[in-house]
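Q: One structure is given below, represented as structure tokens, and several questions about it will come after.
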Amino acid sequence: MKTLIVEDESTSQLILQTVLSRYGECHVAVNGREAVAAFQTAAGNGLPFDLICMDIIMPEMDGKQAVKQIRAVEETLGVKPTLGVKIIMTTVSTDMKEIIQSFQELCDAYLFKPIDTAELISKLRSFRLVA
């Protein structure tokens with residue numbers, strides 16, 4: 001599994017890296033702009049990410065904007081919506097409006113921080129990314 005962790009806070013970054021590196025290669029971006037660039041490069045090279053863990057509140061470009069752009073890149077590459085990268089939004093926010101907007105931007109799941117590793121792994125299994 002190839003994962004992109006998009007997180008500007010180092011503790012959350014480390015937790016996600018520690019858990020997800022057991023299942024494969026992990027890359028890190030610290031804002032939405034870096035995430036979109038990393039996604040475009042990987043997809044353009046024929047080595048797309050399988051999973052993106054995307055923080056919502058970040059500098060330069062927030063997670064919802066980044067997801068929207070990533071889905072647009074997939075569309076231009078002819079990737080069907082159900083076959084695209086799996087995106088899990090990660091945030092401290094419990095605002096229902098924000099959660100609804102995240103799903104409208106086509107995220108696949110939403111986890112609250114601090115991340116419950118059992119719940120994260122359960123999501124990975126439901127996406128069939130891990131056994």
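Q: If a residue must be loosely packed, with under 13 Cβ neighbours inside 10 Å and basic (Lys, Arg), how many such residues does the stretch 120-131 contain?
A: 2
Q: Select from the stretch 37-75 the residues that are acidic (Asp, Glu) and more than 11 Å from the chain's Cα centre (by Cα) and write down the one among them that is surrounded by the most Cβ atoms within 10 Å (Cβ to Cβ).
A: In the first step, residues of the stretch 37-75 are kept if they are acidic (Asp, Glu); the result is 50, 55, 60, 62, 74-75.
Now drop any that are not more than 11 Å from the chain's Cα centre (by Cα), which leaves 60, 62, 74-75.
On the way: Glu60: 12, Asp62: 17, Glu74: 19, Glu75: 12.
Going through the qualifying residues, I end up with Glu74.
Q: As an exercise: evaluate Val79 against (1) closer than 21 Å to Asn31 by Cα; (2) among the aliphatic types (A, V, I, L, M); (3) out of contact with any strand residue (DSSP E or B) (no Cβ under 8 Å at 6 or more places or on another chain) and give the number of the one condition it does not meet.
A: Unmet condition: (1).
Q: Could you tell me how many of the residues in the stretch 45-67 are closer than 17 Å to Ala109 by Cβ and touching a helix residue (DSSP H, G or I) at 6+ places or on another chain (Cβ under 9 Å)?
A: Applying the first criterion (closer than 17 Å to Ala109 by Cβ) to the stretch 45-67 yields 49-56, 63-64, 66-67.
Filter again for touching a helix residue (DSSP H, G or I) at 6+ places or on another chain (Cβ under 9 Å), leaving 49, 51-56, 63-64, 66-67.
Residues that pass the stated criteria total 11.
Q: Okay, next question. Restricting to the stretch 2-31, and then to whatever is at negative phi and in a loop (DSSP other than H, G, I, E, B), can you tell me which residue is surrounded by the fewest Cβ atoms within 10 Å (Cβ to Cβ)?
A: Step one: filter the stretch 2-31 for residues at negative phi, giving 2-23, 25-31.
Checking which are in a loop (DSSP other than H, G, I, E, B) leaves us with 7-9, 21-23, 30-31.
Values: Glu7: 24, Asp8: 16, Glu9: 14, Ser21: 13, Arg22: 10, Tyr23: 17, Val30: 18, Asn31: 18.
Selected residue: Arg22.
Q: I'm trying to understand the selection: among the residues of the stretch 80-119, which are of a type in the set (A, V, I, L, M) and either surrounded by fewer than 19 Cβ atoms within 10 Å (Cβ to Cβ) or more than 20 Å from Thr11 (Cβ to Cβ) (or both)?
A: Pass one, the stretch 80-119, residues of a type in the set (A, V, I, L, M): 83, 85, 87-89, 92, 96, 99-100, 106, 109, 111, 115, 118.
Answer for the stretch 80-119, where residues must be of a type in the set (A, V, I, L, M) and either surrounded by fewer than 19 Cβ atoms within 10 Å (Cβ to Cβ) or more than 20 Å from Thr11 (Cβ to Cβ) (or both): Leu83, Val85, Ile87, Val92, Met96, Ile99, Ile100, Leu106, Ala109, Leu111, Ile115, Ala118.
Q: Go through the stretch 32-58 and report how many residues are farther than 28 Å from Ala118 by Cβ and not in a helix (DSSP H, G or I).
A: 3
We did not get these values from a lab; they are worked out from the coordinates using the rules stated. All figures in this text were calculated on a predicted structure; none of them were measured in a lab. Backbone-built Cβ (ideal geometry, glycine too); neighbour counts: all protein chains shown.
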